[in-house]
Structures are given as C-alpha cells and as structure tokens.
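S.K.: Here it is: the structure, laid out below.
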Amino acid sequence: MAHRNLVILTGAGVSAESGVPTFRGADGLWEGHRFENVATPQAFARDPALVQRFYNLRRAALSTVQPNAAHHALARLAAEWKGDFLLVTQNVDDLHDRALAEVTPGPGFELIHMHGELLKARCTVSGVVSKWRGDMAADEPSPDHPEGRMRPHIVWFGEMPLSMDRIGRALAKADLFVSIGTSGAVYPAAGFVQEARFAGARTVEINLEPSLGASLFSEGVYGPATETVPAFFETLSRPA
Ligand code: APR
C-alpha cells in the first residue's frame with residue numbers, strides 16, 4: 001500500500017556514523033558531566049561559562065563532521081515524496097539541513113528541530129532567535145535587548161520542545177511513522193509512536209538495536225543507519 005502522510009523522527013543514532021556522539025552510549029559524557037547535568041536552565045544560571053563552553057565545543061565540532069548516507073537518503077526522500085512529509089529531529093546538529101540543502105524538497109516537506117539547533121542563539125529577554133556560528137561568551141550581550149544575554153537555542157531538560165502543536169497535527173493524520181536512531185528514553189518524542197498508532201499509521205523502528213519502545217512499533221529494522229535507512233526507503237513505494 002502506498003503511503004501519503006509520512007512522519008519521520010530521528011535521534012542521535014542517525015548522526016552517530018558521522019562522528020557526532022550519542023547521549024546514552026559509552027560516549028554519552030562530556031568532561032565527566034552527564035549531558036543532563038549541563039543541558040538545564042539551572043546549570044546555565046549556576047555556571048553559564050561551563051554551559052557555554054559545552055555548547056561552544058559542540059558547535060565548533062560541527063565543522064569536522066559531514067552528513068552520512070542516512071541523512072542523504074532522507075533528503076532524497078524529501079525531494080521525491082509527493083504527499084506530506086514531516087521530518088522531526090531531536091538532534092541539534094545541522095546534518096539534516098546540509099543534506100537537504102543539496103536537493104529540492106517537495107512542497108509537502110518540512111523539517112523541525114524539536115530540541116533546537118546548535119547554530120542558533122536566543123535572546124534571554126526578547127526570545128528572538130538568530131543564527132550563530134562562533135563561540136558564545138558566558139555573558140554574551142544580546143543585539144535584541146539591552147538587558148538581554150544570548151543563550152544557546154537549545155531546549156534544555158525541563159523546557160518544552162519546539163513546534164509540538166505542529167508535530168501533533170502531523171501525527172494525527174500520519175499513515176506511516178518511522179523512528180530512526182533514538183533510544184526512546186526521552187519524552188515527548190518517545191511517545192510519538194503511540195500517537196501515530198492511534199491514528200492508524202504503520203509504525204517502523206529503525207535503530208542499531210531494539211530501543212526501549214521497540215514493542216510499540218509494528219515493525220523493526222536493526223543495523224547501522226547508513227545501511228538500514230537507504231535500504232528501507234529505497235524499497236518504500238512512493239505515493240502517486
Ligand atoms: N545507527 C542506528 N542507530 C544507532 C547508531 C547507528 N550507527 N548508533 C547508535 N544508535 C542508536 C542507539 O542504539 C540508541 O538507541 O541511537 C540511539 C541513541 O540514543 P540516545 O543516545 O539516547 O539519543 P537520543 O535518543 O537521540 O536522545 C534523545 O535525549 O539527551 C537528550 O536532548 C537529547 O535529543 C536528545 C534526547
């Protein structure tokens with residue numbers, strides 16, 4: 001059966017083979033800190049220099065990594081897909097963006113970074129988001145407000161992910177939901193599969209190994225994303 005309304009969720013596993021560390025694997029630590037202890041509003045209030053250094057290093061590391069075959073396969077799909085296709089990523093890297101910049105996505109395509117983006121900054125007073133490529137100081141002045149400071153445009157633990165209404169609407173009419181490279185450990189993303197099932201969608205998990213939510217999916221495809229993602233989407237029938 002050809003599908004028309006597609007929602008794909010990606011996590012750190014889709015960028016792992018590009019050299020971007022995952023969160024809960026053996027490399028899920030930074031300078032001995034758990035990510036969860038650095039990526040919080042409390043940590044930023046307590047030690048802005050530590051938090052800014054954490055994100056400065058990750059932002060700088062982006063110039064050393066490239067999109068992989070999984071990012072390119074999803075970009076090709078975005079160019080070919082005739083129906084609605086929402087790509088929701090939990091990743092804050094720009095690897096989907098760079099792969100998509102090499103194609104012309106169809107009119108029904110949209111990319112959402114639900115946990116924010118390393119290459120953007122936000123004014124702490126006005127909330128205005130701007131592109132940001134270099135380092136950010138602990139007390140980086142905001143160009144948008146005299147009392148504002150710039151913070152990473154990253155959704156921290158305890159903060160609400162972005163575009164949740166838009167994501168909910170897409171899941172409510174999805175006929176195919178595919179989750180790629182995520183451990184199913186963090187909500188609300190880990191609950192998207194239930195919303196898709198409720199909508200009657202076919203649900204597929206593509207991951208290195210079964211995630212915490214594997215039993216919620218109707219199908220599972222396991223192996224490295226650079227092999228499983230191109231293979232799965234090359235066989236997927238396209239809507240007319
Ligand atoms: N190919 C496919 N999957 C892989 C690969 C690979 N090469 N390498 C690792 N994985 C899988 C792991 O098996 C794991 O299930 O990717 C998943 C990565 O899980 P996490 O490290 O928990 O990352 P993620 O699920 O994206 O974390 C969600 O948690 O810390 C927060 O905000 C952060 O967005 C992040 C969120």
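Read the figures in this text as sums done on the coordinates, not as results from a lab. All figures in this text were calculated on a predicted structure; none of them were measured in a lab. With ideal geometry, Cβ positions are generated from the backbone for all residues, glycine too; neighbour counts draw on all protein chains shown.
S.K.: Before anything else, pin down the relative contact order of the chain: Cα pairs under 8 Å, at least 6 apart, normalised by residue count, whole percent. Can you show the working numbers first?
M.R.: Numbers: 472 pairs, mean separation 60.6, N = 240.
Averaging sequence separation for qualifying contacts and normalising by length gives 25 percent for the chain.
S.K.: Here is a further query. Which order do the peptides 70-80, 51-61 take when ranked by the mean count of other beta-carbon atoms within 10 Å per residue, highest first? Can you show the working numbers first?
M.R.: Numbers: 70-80: 22.5, 51-61: 18.5.
Sorting 70-80, 51-61 by mean packing, highest first, produces 70-80, 51-61.
S.K.: What order do you get for 177-183, 188-194, 165-171 when each peptide is scored by the mean count of other beta carbon atoms within 10 Å, highest first? Don't skip to the end; give the middle numbers.
M.R.: On the way: 177-183: 26.4, 188-194: 19.3, 165-171: 16.3.
For the peptides 177-183, 188-194, 165-171, the packing ranking is 177-183, 188-194, 165-171.
S.K.: Let me ask something additional. Going 7 Å from the Cα of E36 toward and past its Cβ, which residues in segment 182-225 have a backbone nitrogen under 11 Å from where you end up?
M.R.: Flagged as within label range: 185-187.
S.K.: Would you work out the relative contact order for segment 109-214, in percent, from Cα pairs under 8 angstrom that are 6 or more residues apart?
M.R.: Working: 151 pairs, mean separation 23.7, N = 106.
Contact order relative to length: 22 percent.
S.K.: Which value at 222 nm does the chain reach when only helices count, each DSSP H run of 4 or more adding -39,500 (n - 2.57), with the total divided by all residues and rounded to the nearest 500 deg cm²/dmol? Intermediate results must be reported in sequence, preceding the final value.
M.R.: Working: 8 runs with 69 residues, N = 240.
Result for the chain: -8000 deg cm²/dmol, rounded to the nearest 500.
S.K.: Rounded to whole Å and sorted largest first, list the principal axis extents of the Cα atoms in segment 104-232.
M.R.: Dimensions of segment 104-232 along the principal axes of its Cα atoms: 52, 34, 29 Å.
S.K.: Given labels modelled 7 Å from the Cα in the Cβ direction, how far is it in nm from A231 to A185?
M.R.: About 2.6 nm separates the two model spin labels.
S.K.: Another question, then. For R166 and D135, what does the FRET efficiency come to when R0 = 25 Å and r is the distance between their Cβ atoms, rounded to the nearest 0.05?
M.R.: Details: r = 31 Å, r/R0 = 1.26.
Calculated transfer efficiency: 0.20.
S.K.: Evaluate the distance, in nm, between pseudo-label points positioned 7 Å from the Cα of Y222 and of D97 along their respective Cα→Cβ axes.
M.R.: Taking the two extended label points, one gets 3.5 nm.
S.K.: Antiparallel DSSP bridges in the chain: what percent, to the nearest 5?
M.R.: Values: 10 of 35 bridges.
For the chain, the DSSP antiparallel bridge percentage is about 30.
S.K.: Right, here's the next one. Could you work out the relative contact order of segment 185-240? I mean the mean sequence separation of Cα pairs under 8 Å and 6+ apart, divided by the number of residues, in percent.
M.R.: Details: 47 pairs, mean separation 14.9, N = 56.
Relative contact order for segment 185-240 comes out at 27 percent.
S.K.: Normalise the Debye intensity by I(0) for segment 1-139, one equal point scatterer per Cα, no solvent, then take log10 at q = 0.12, 0.15, 0.20, 0.21 Å⁻¹ and round to two decimals.
M.R.: Summing over Cα pairs of segment 1-139 leads to -0.55, -0.82, -1.25, -1.33.
S.K.: Sticking with this one: Hey, if you put +1 on the Cβ of every Lys and Arg and -1 on every Asp and Glu Cβ in segment 6-99, which of Q66, P21, N37 ends up farthest toward the positive end of that dipole?
M.R.: N37
S.K.: Hey, another quick one. If we sort 96-104, 146-154 on the protection proxy, mean other Cβ atoms within 10 Å, highest first, what's the order? Could the numbers behind the result be given before it?
M.R.: Details: 96-104: 16.4, 146-154: 18.2.
Going from most to least packed, we get 146-154, 96-104.
S.K.: Further, regarding this structure: Given just the C-alpha atoms of the chain, how large is their convex hull per residue in cubic angstrom? Please list the in-between numbers first.
M.R.: Values: hull volume 29.2 nm³, N = 240.
That works out to 122 Å³ per residue.
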